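Heads up, the thing below is written out as structure tokens.
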Amino acid sequence: MSREVWCIVEHRGGEVDNDSLQLFGAVHRLDGEAVAVVCGDEVAGLAEQISGECDRVISLSSSALASFTPDGYAQAIVPLALERQPSAILTLHSHFLGRDLAPVLASRLGTGLISDCIDVEWRAGFVGKRLVYRRKLIATQRSIVPGIQVATCQRGAFEAPESSGLDAAVEMLSVEIDVDAVRWKVGEFDEAEVVVGDITEADVIVAAGRGVGSKENLDSVQRLAKAIGGTLAASRPLVDHGWLSRGLQVGSSGKTVRPRLYLALGISGAIQHVVGMRDSDVIVAINKDPRAPIFEYADYGIVADLMEIIGPLTDEVEALRG
Amino acid sequence: MRIAVLMKAVVEPESRIGLGSDGEVQCANFRYELNEYDLYAVEEAIRMAELYDAEVTVVSAGPEEAVQSLRKGLAMGATDAIFVPVEESMGDAFLSAEVLADVLKPVQPDLILSGVESNDLGGSQVGVLVAEQLGYVAATMVISVKVGNDGVLNVRRELEGGNFVDVDLPMPAVLTIQTGLNEPRYPSLKGIMAAKRKDLVRLELSDLDIGDSQLVETIEYSYPPRRERAQMIEGSSEAIASELVSLLRAKDKVL
Ligand SMILES: Cc1cc2nc3c(=O)[nH]c(=O)nc-3n(C[C@H](O)[C@H](O)[C@H](O)COP(=O)(O)OP(=O)(O)OC[C@H]3O[C@@H](n4cnc5c(N)ncnc54)[C@H](O)[C@@H]3O)c2cc1C
């Protein structure tokens, strides 16, 4: 078994997804050689973007890899992995490589998969730590199959190492893809609309979560937002219910915001929400559950029924701002 | 056309989740509910069944409480259900996938739907692994599904940052469903009554052709390290409001 750890690099539109570099940080935890694997059509530019960040680059190119497909990527990666036997293969726990590719790779390599890891190590085998039961516990899991290991890493859990400034060796391989065995036909990408004056530009955000309870209660949240001179935003469930528009959703599948003040009302603090707001300057959380994970990100925490606080808070703010 | 839906009974978010002195998760008081993501999958399957004249089989492998979830699926409009009791402690995605795939083999669904992940363990692997076991193609994070005239599935996948991509793929296929693509119905009284007469088949693990396929074991549970805790503000609602506002104004200068 080699010390190589393969990090499958995520990219789109000719740009490497910078979070992919965090995978090299995970490789350090495994004391391995960080090998970036780039699959695509035109890969030279991508290889160049990362060659200063890792120990080696393998680029796998074919016109059939122009768009990501699980079958295409697996055809490119699996035979080479079986030949070279890297100790592990890592991807981000992303919507493409993490969710669609990693289970396919694990399955075709006959190995297990530990997904959404916040830490990895070797401890009598490959070990990954992951948050379970809505972040209330960490489960430490170990693969019980020898050979190549597959894991996905949570965005933000590992730090990308400092750039070495040295260009790593790039191995360019062109691969044969049997296009008849590629079952996805990829169509249009539809980019999120960029709206001027949207929540990403707000100074103060009042964000409502499922704890708000009803559409009627949202009016009180709206009133507070207005009083405080802020913008209303929401966690995903309120958008899913059709109470608010998609453009107001904060989180991994919505917007990333960084206001001076973020008020989280009845939001539990799921990772997909937190990644969109944790860099706010000051975070206030109101939640009736004292163990809600949102309190770990908050500067000020209030354990209470938000509907009881929101009235007095609105009054207080109105009195202040006149 | 036959559509199967994978349903999981997950630990209710309000359940008290803690570790015993033996370091094991204390699950005696766990209450279970249907995984939220799967609820959207069931609804989508029933809508597709209405549109394309299909039958819907709901399937669960898990704790005894999953029977309630399956009954809910039947009451919403599924045709029949299959349940395999599996102990929570065996929770390994490969094992779950192997059990589900073996159950589904004779059913031969054209389409299998599941939620994007489970609310409690959140591995987001089982759907794709079931596809691999059955030789189906899979797509995850689906927020819209249509069947074209040629029998090809046109799906829209959600990407990070609110972006989307459209993908066409042939059946048989597995799709994992993201919340928000429909509005799950509440079972009607009529639906609930009708569900009582529908088939709910119970299979035991010993009835299935599965190997010793566990690939990952959980060796330990622990509490996440507490980060710097928030400054907690307590008192009457009025006192809290006034203290918060003065802190935000005087200390943080954000008001
Ligand atoms: C791939 C993927 C992408 C996702 N993307 C996003 C995203 O972009 N943004 C996002 O937000 N989510 C996203 N999610 C969903 C995310 O996992 C959570 O389900 C969601 O953030 C939960 O929203 P919530 O906190 O409002 O609801 P819940 O988790 O249900 O929390 C409600 C909270 O309100 C509290 N509460 C209830 N009643 C009251 C009351 N009266 N007073 C005070 N507190 C109360 C409860 O204690 C609880 O903590 C995504 C999920 C997946 C799988």
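The slack in the chain from A:ARG123 to A:PHE189, taken as 0.36 nm per residue of separation less the alpha-carbon distance, amounts to 19.6 nm.
Residues in the stretch A:3-64 average 36 Å² of solvent-accessible surface per residue, probe 1.4 Å, ligands and nucleic acids excluded.
Over the residues of chain A, the helix contribution to mean residue ellipticity at 222 nm works out to -7000 deg cm²/dmol, using -39500 (n - 2.57) for each DSSP H run of at least 4. Going by the alpha-carbon gyration tensor, a ≥ b ≥ c the square roots of its eigenvalues, is chain A rounded (a/c under 1.5) or, if a/c is not under 1.5, prolate (a/b greater than b/c) versus oblate? Cα axes put chain A in the prolate bin. Along the Cα-to-Cβ line of A:ASP203, 7 Å from the Cα, sits a label point; which residues in the stretch B:218-255 have backbone N less than 11 Å from it? Residues passing the 11 Å test: B:254-255. Per residue of A:298-305, other chain Cβ atoms within 10 Å of the residue Cβ number 6 on average. The alpha-carbon of A:LYS215 sits under 20 angstrom from the alpha-carbons of these aspartates and glutamates, leaving out residues fewer than 8 places away in its chain: A:ASP240, A:ASP305, A:GLU308, B:GLU36, B:GLU183. Accessible area buried by the pairing of B and A, both sides summed with a 1.4 Å probe, works out to roughly 7400 Å². Averaged over residues, the count of other Cβ atoms within 10 Å places the peptides A:239-245, A:109-115, A:52-58 in the sequence A:109-115, A:52-58, A:239-245, highest first.
The accessible surface of the stretch A:196-322, taken with every protein chain in place and a 1.4 Å probe, is 47 percent carbon and sulfur. Using a probe radius of 1.4 angstrom, the carbon and sulfur fraction of the accessible surface of chain B is 47%.
Counting only other chain Cβ atoms within 10 Å of each residue's Cβ, the peptide A:280-293 averages 2. The stretch between B:ASP150 and B:LEU19 holds 41.9 nm of extra length on full extension. This uses 0.36 nm per residue minus the Cα-Cα distance.
The magnitude of the dipole of the stretch B:89-149, with charges of +1 and -1 set on the Cβ of Lys/Arg and Asp/Glu and taken from the Cα centre, is near 260 debye. Rounded to the nearest 10 degrees, the inclination of helix A:70-84 to the longest alpha-carbon principal axis of chain A is 50 degrees. Under the rule a/c < 1.5 gives rounded, and otherwise a/b versus b/c splits prolate from oblate, where does the protein assembly as shown land using the Cα gyration tensor? Verdict is oblate for the protein assembly as shown.
Between the stretch B:89-167 and the stretch B:177-217, what is the C-alpha centre distance in whole Å? For the stretch B:89-167 versus the stretch B:177-217, the Cα centre distance is 15 Å. Which of the three applies to chain B, rounded, prolate or oblate, going by the alpha-carbon gyration tensor with a ≥ b ≥ c and a/c under 1.5 meaning rounded? Prolate. With both labels modelled 7 Å from their Cα along Cα-to-Cβ, the A:ASN18 to B:GLU87 distance reads 4.8 nm. Structure note, pairs A:LYS185/B:LYS146; B:LYS72/B:LYS190; A:LYS185/B:LYS105; B:LYS105/B:LYS196; A:LYS185/B:LYS8; A:LYS288/B:LYS8: Cα-Cα distances above 19 angstrom occur for A:LYS185/B:LYS105; B:LYS105/B:LYS196; A:LYS185/B:LYS8; A:LYS288/B:LYS8.
With R₀ fixed at 41 Å, the C-beta to C-beta distance from A:SER164 to B:GLN231 puts the FRET efficiency at about 0.50. Peptides B:196-203, A:204-211 ordered by packing proxy, namely the average of other Cβ atoms within 10 Å per residue, highest first: A:204-211, B:196-203.
The mean number of Cβ atoms from other chains found within 10 Å of a Cβ in peptide B:246-254 is 5, as a whole number. A:ARG223 to B:GLU238: FRET efficiency via 1/(1 + (r/R0)^6), r the Cβ-Cβ distance, R0 22 Å, to the nearest 0.05? E between A:ARG223 and B:GLU238, to the nearest 0.05, is 0.80. As a rough guide to protection, the peptides B:12-24, B:148-160, B:175-187 ranked by mean Cβ packing within 10 Å, highest first, stand as B:175-187, B:148-160, B:12-24. Take chain B with all the other protein chains still there, run a 1.4 Å probe, and you get 45 Å² of accessible area per residue.
One chain, two ends: B:MET171 and B:GLN68. Fully extended at 0.36 nm per residue, the span grows by 34.1 nm beyond their Cα-Cα distance.
The values are calculated or read from the model by the stated rules, or taken from the named source; none is laboratory data. Small disclaimer: the values here were computed from a predicted structure and weren't measured. Cβ: placed from backbone, ideal geometry, glycine included. Neighbour counts: every protein chain shown. The area values use the complete protein model at the heavy-atom level, side chains included, leaving out ligands, DNA and RNA. Shrake-Rupley method; radii C 1.70, N 1.55, O 1.52, S 1.80 Å.
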